Amino acid sequence: MTTAEWIDEHAAELIKASHEIWEHPEASEKEYFACETLQKLLEKHGFRVNQGPLAGLDTAFSASFGSGRP
């Protein structure tokens, strides 16, 4: 499955997450709701999430999927 196909297949879920984040505005570098929403979505789809802080930012995180080269 290509990335584009995956996005198309999960479009409703991605749009829902986008709307939830939009409905909960947060100040710069204090995006705790958005951070948690995105981390949960990534974990649900098999990503390994490294919850921050990352690079000195409480709301920064990294996520990885699979192994080897992209």
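Loop only by DSSP, 13 or fewer other Cβ within 10 Å of the Cβ. Give me the chymotrypsin sites (Phe, Trp or Tyr not before Pro) in region 1-66 that pass, ordered by residue number. Sparse-neighbourhood loop chymotrypsin sites (Phe, Trp or Tyr not before Pro): PHE65.
Can you send over the carbon and sulfur percentage of the accessible area for the chain, probe radius 1.4 Å, protein chains only? Carbon and sulfur atoms account for 57 percent of the accessible area of the chain. Dipole size of the chain about its Cα centre, with +1 on Lys/Arg Cβ and -1 on Asp/Glu Cβ: approximately 320 debye, rounded to the nearest 20. Computed over protein heavy atoms with a 1.4 Å probe, the accessible surface of the chain works out to 79 Å² per residue. When P(r) over Cα pairs in 10 Å bins from 0, in percent is computed from the coordinates, the matching label among [x] 18, 44, 33, 6; [y] 21, 59, 19, 1; [z] 20, 47, 28, 4 is [x].
So, counting K/R as plus one and D/E as minus one, what does the shell of residues with Cβ under 14 Å around ALA34 add up to?
Working: positive: LYS16, LYS30, LYS40; negative: GLU20, GLU23, GLU26, GLU29, GLU31, GLU36, ASP58.
That sum, taken over residues with Cβ under 14 Å, equals -4.
Once you've got the GNM for the chain with C-alpha springs shorter than 10 Å, pick whichever of GLU29, GLU43, GLU20 has the biggest mean-square fluctuation. Comparing GLU29, GLU43, GLU20 in a Gaussian network model of the chain, the most mobile one is GLU29.
The values are calculated or read from the model by the stated rules, or taken from the named source; none is laboratory data. All of these numbers come straight from a predicted model, not from anything done at the bench. Note that we place each Cβ from the backbone using ideal geometry, even for glycine, and neighbour counts take in every protein chain shown. Side chains included, ligands, DNA and RNA excluded: accessible areas come from the protein's heavy atoms. Shrake-Rupley method; radii C 1.70, N 1.55, O 1.52, S 1.80 Å.
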